[in-house]
Amino acid sequence: KAGAMQTHEQTRITIPVGGMTCASCVRRVERALKKVEGVEEATVNLATERATVAFDPTAVKLDALYQAVEEAGYEPRRERISLQVGGMTCASCVNRVERALRKVPGVLTASVNLATERATVEYVPAEVTPEDLVRAVVAAGYQAAPAREAEEAADREAAAREREQWTLLRKTAFAGAVAALLMLGMQWERLPLLSGLEMQTVQILFFLLATPVQFWAGGQFHRIALRNARHRTADMNTLVSLGTSAAYVYSAAVTFFPGLVERAGVMPETYFEASSAIIAFILLGRYLEARAKGRTSAAIRRLMGLRAKTARVVRDGREVDVPVEDVIPGDVVLVRPGEKIPVDGVVVDGRSAVDESMLTGESLPVEKGPGDEVFGATLNKTGSFRFRATRVGKDSALAQIIRLVEEAQGSKAPIQRLADMVVAYFVPAVMAVAALTFLVWLAVGPEPALTFALLNAVAVLIIACPCAMGLATPAAIMVGTGKGAEHGVLIRGGEALELAHKIDTVVLDKTGTVTEGRPRVTDVLPADGVPADELLRLAAAAERGSEHPLGEAVVEAAKARGLDLPDATEFQAVPGHGIRATVDGRAVLLGNLKLLQDHGLSPDGLAGTVEALAGDGKTPVLVAVDGRPAGVLAVADTVKPGAREAVAHLRRLGLQVVMLTGDNRRTAEAIAREVGVDRVVAEVLPEGKVAEVQRLQAEGRVVAMVGDGINDAPALAQADLGIAIGTGTDVAMEASDITLIRGDLAGVAAAIALSQRTMRTIKENLFWAFAYNVALIPVAAGVLYPVFSRTGVPGVLEPVLGEYGFLNPVLAAAAMALSSVSVMLNSLRLRGFRPAGR
């Protein structure tokens, strides 16, 4: 299941990998990692440029994983940080600090210098933060803080992306300008500056212009192609390098050895403009792709940007501002109006309204008071309060959300296996088709045969686009999971995202999922002559000594009305029936019908009310005062706001909705009628929930189970898709594939609708990526020549197919660049997703 992240003997780590450009690279890195003994699973994502590896930590060292990636010809990224360490006095301190740092999962090397009091640590940036390293040193008994010159890893990554984009933009602009000049220079005889020059002189000028494009602007393609050749592999860069180099070398031969070329019967034409334009178009595609990749991970950056930088902590009786990394569990933190809450904790005094929309997607502020939980990065709106820090650093709710989203964005959906399988054979097949194209047209093509053979082979190499196939799935998953997080829907990975759109049945646990999970007084129905507030006051005063949930509901209702509750005397619980007590000298009975009957009271006037309340799924509580029936209180576990709308939305999505509960059938059916559920399964014991899910699956249904309690965890694990309400228990969340941070059912419909939209986007991406290659590679190979050689190319197609129906290599490069960019842009359309009703 998508929710099973690791076992007791397995470690999972994420390694950023640079130098990958297409799906072939992904396959190569995966194979290299899987060859390391002890590695059980390796998944590489091109869009996030990350490799997720599951391995046995007793058999595999991190260095071996990094070495495997490097030997495959790629760049596993590592971060280096300097920590200022205080409290060291001798070499044994140095050893102790180094050991503490090396024990942190994700640390590659750690070196401590006693003289400078600095520790230099190399680590996997996706696994370790500077705060983790500082905490490890502090736990070893020393002081530590990041050295001032060290930047945040996230900032460095963003800066590296910006540098990459700026470099690509400069190279694109240079190559594009040169290509434009060369294309203009094709009419050199009409240009005043060139018209008096000989052809060879003009061709030498073209050579001088095209050479920096070939080796500076296009140098990255050639470097990676050479690296691939050393490893006996090939990828997108190999195709581009071969294609542009063939055009460039051919043109250089025509320029410097015209006599030799003429004797070979070849037209002395150069194609410097083609090689330069091809590089310009492909660099433009890479630049646009890099920008789009940056936008796909915007959700993560937004979440990271929400974190507070400092916290106001009470220490030694004084309020001091400290970096948020220095807050430790147990610290008392003061928050003023308009400030961000720095870490997770529990309010100890004060009241306020807190905007938790960054976590839940809910725009309305939430009232907070003593005993209420608050979360780091949420915004305090109105009042001041103090809270005790409970979870800091990577344990905070925000950090866990970021981790879940990162893991989801780095995962693969099963549908991607098709693309991976095709790509494994794609580049070698394209090279074979290009070679065959060259040989066929050299043998049977129109004169000059060598020129036509070369141009067609180059067009085949250039137009093939494994990039689009490699990006089709991960780009959509990145945007989809990030968008889910913005709306309080945490999807564990691509497998869960793909499965959600296949769901046809949603099983809802009633208590805590459909309903609030705690009883409330819904009706106060006094007998004739008894004021409603007096009935509730006497009942609540009697119940103050009770620990029964119904009694607590009655007391809460009285407090909500501001009623003054006197002390009760002679309190006595009557097991299974209710209570009796004396309030203000009056004898009060509170309980079921049997209690009143046992005390010789006839509730004839209340019987109809009791029956009606029970029919509505409510629990009637009869009250008698001084030996006379005084009225009825109705107590019920009330339906959550929005539950009816959420169920209606699920049904509009074509899903059958089933409610599962341990309550009696009458109560369950009343709740089902209120929210519009199709089917009710009542009086189910906790251990029977799994059997009910299995029964639905045996009917051929694909089942999603929604629950929030510990007793829901087995059913969540059994279901095809487990969805946990985030206000519930950690056990339920661990067993689930999707977690809803908000406590309402709207997230279930949002998750399924988002899954359907994401899968539709992935299928569109894959269709166009495959269709593009299937349609245009044969055109580039020249299959249209037999048709147009007789009839001539229609005027509208001549700019594309030339005189004979052969595809211009420059246009092939433009089409190739466009295919990758179109996949990214189509995926980015998911950013406009909005769940119904939000």
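The values are calculated or read from the model by the stated rules, or taken from the named source; none is laboratory data. Treat the numbers as computed from the prediction; the structure is a model and nothing was measured. Cβ atoms come from the backbone with ideal geometry, glycine included; neighbour counts cover every protein chain shown. Heavy atoms of the whole protein, side chains included, go into the accessibility calculation; ligands, DNA and RNA do not. Shrake-Rupley method; radii C 1.70, N 1.55, O 1.52, S 1.80 Å.
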Please state which of the following conditions residue 492 fails to meet, knowing it meets all the rest: (1) within 30 Å of residue 48 (Cβ to Cβ); (2) open to solvent by less than 10 Å² (accessible area, probe 1.4 Å); (3) of a type in the set (Lys, Arg).
(2)
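Answer yes or no: is there a residue in the range 667-675 that is basic (Lys, Arg), modelled with pLDDT of 85 or more and not in a strand (DSSP E or B).
Residues of the range 667-675 that are basic (Lys, Arg), as a first pass: 673.
If we keep only those that are modelled with pLDDT of 85 or more as well, we get 673.
Subsequent filtering for residues that are not in a strand (DSSP E or B) retains 673.
Taking every residue of the range 667-675 in turn, at least one turns out to be basic (Lys, Arg), modelled with pLDDT of 85 or more and not in a strand (DSSP E or B).
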Any residue at all in the range 181-199 that's open to solvent by 40 Å² or more (accessible area, probe 1.4 Å), at pLDDT 90 or above and either farther than 30 Å from residue 402 by Cβ or in contact with a strand residue (DSSP E or B) (Cβ under 8 Å, 6 or more places away or on another chain) (or both)?
no
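How many of the residues in the range 761-777 are of a type in the set (Phe, Trp, Tyr), farther than 14 Å from residue 825 by Cα and buried (at least 16 other Cβ atoms within 10 Å of the Cβ)? Reasoning before the result, please.
Within the range 761-777, the first condition is being of a type in the set (Phe, Trp, Tyr), and the residues that meet it are 767-768, 770, 772.
Next, from what is left, pick out any that are farther than 14 Å from residue 825 by Cα: 767, 770, 772.
Right, trim to buried (at least 16 other Cβ atoms within 10 Å of the Cβ) and you get 770, 772.
Selection size over the range 761-777: 2.
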Among what's in the range 354-374 and is crowded, with 21+ Cβ neighbours inside 10 Å and modelled with pLDDT of 85 or more, pick the residue that is nearest to the chain's Cα centre (by Cα).
374
Sole residue being surrounded by fewer than 24 Cβ atoms within 10 Å (Cβ to Cβ), at pLDDT below 80 and β-branched (Val, Ile, Thr), chosen from 511, 505
511
For the range 540-562 the number of residues that are part of a loop (DSSP other than H, G, I, E, B) and either within 18 Å of residue 581 (Cβ to Cβ) or open to solvent by less than 70 Å² (accessible area, probe 1.4 Å) (or both) is 6
Restricting attention to the range 647-664, does a residue exist that is modelled with pLDDT under 85, among the charged types (D, E, K, R) and out of contact with any Phe, Trp or Tyr (no Cβ under 8 Å at 6 or more places or on another chain)?
yes
Check whether at least one residue in the range 286-300 is buried (at least 21 other Cβ atoms within 10 Å of the Cβ) and at pLDDT 80 or above, and report yes or no.
no
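Given the options 537, 580, name the one that is in contact with a His (Cβ under 9 Å, 6 or more places away or on another chain), open to solvent by 20 Å² or more (accessible area, probe 1.4 Å) and at pLDDT 85 or above.
Working: 537 fails: in contact with a His (Cβ under 9 Å, 6 or more places away or on another chain).
After ruling out the rest, the residue left standing is 580.
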For the range 717-756, give me each residue that is open to solvent by 40 Å² or more (accessible area, probe 1.4 Å), outside any helix (DSSP H, G or I) and either modelled with pLDDT of 75 or more or aromatic (Phe, Trp, Tyr) (or both).
720
Return yes or no: is residue 573 in a helix (DSSP H, G or I), in contact with a Gly (Cβ under 9 Å, 6 or more places away or on another chain) and farther than 15 Å from residue 524 by Cα?
no
Return a yes/no flag: does the range 340-353 have any residue that is out of contact with any Lys or Arg (no Cβ under 7 Å at 6 or more places or on another chain), at pLDDT 85 or above, of a type outside the set (A, V, I, L, M, F, W, C) and assigned to a loop (DSSP other than H, G, I, E, B).
yes
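Consider residue 658 carefully, then state whether it is touching an Asp or Glu at 6+ places or on another chain (Cβ under 6 Å) and under 30 Å from residue 499 (Cα atoms).
Working: touching an Asp or Glu at 6+ places or on another chain (Cβ under 6 Å): no; under 30 Å from residue 499 (Cα atoms): yes.
Answer is no for this residue.
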A careful count of residues in the range 305-349 that are open to solvent by 40 Å² or more (accessible area, probe 1.4 Å) and within 23 Å of residue 365 (Cα to Cα) gives 14
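Taking residue 104, is it under 20 Å from residue 402 (Cα atoms), aliphatic (A, V, I, L, M) and open to solvent by 10 Å² or more (accessible area, probe 1.4 Å)? Quick ask: steps written out before the conclusion?
Details: under 20 Å from residue 402 (Cα atoms): yes; aliphatic (A, V, I, L, M): yes; open to solvent by 10 Å² or more (accessible area, probe 1.4 Å): yes.
Yes: the conditions hold for residue 104.
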Top-ranked residue of the range 625-672 - restricted to ones that are more than 16 Å from residue 747 (Cα to Cα) and basic (Lys, Arg), ranked as farthest from the chain's Cα centre (by Cα)
628
If you check every pair at least six apart or on different chains, which have Cβ atoms under 7 Å apart with a residue in the range 440-452 that is farther than 16 Å from residue 246 by Cα first and a residue that is open to solvent by 40 Å² or more (accessible area, probe 1.4 Å) second?
446/804; 448/265; 448/267
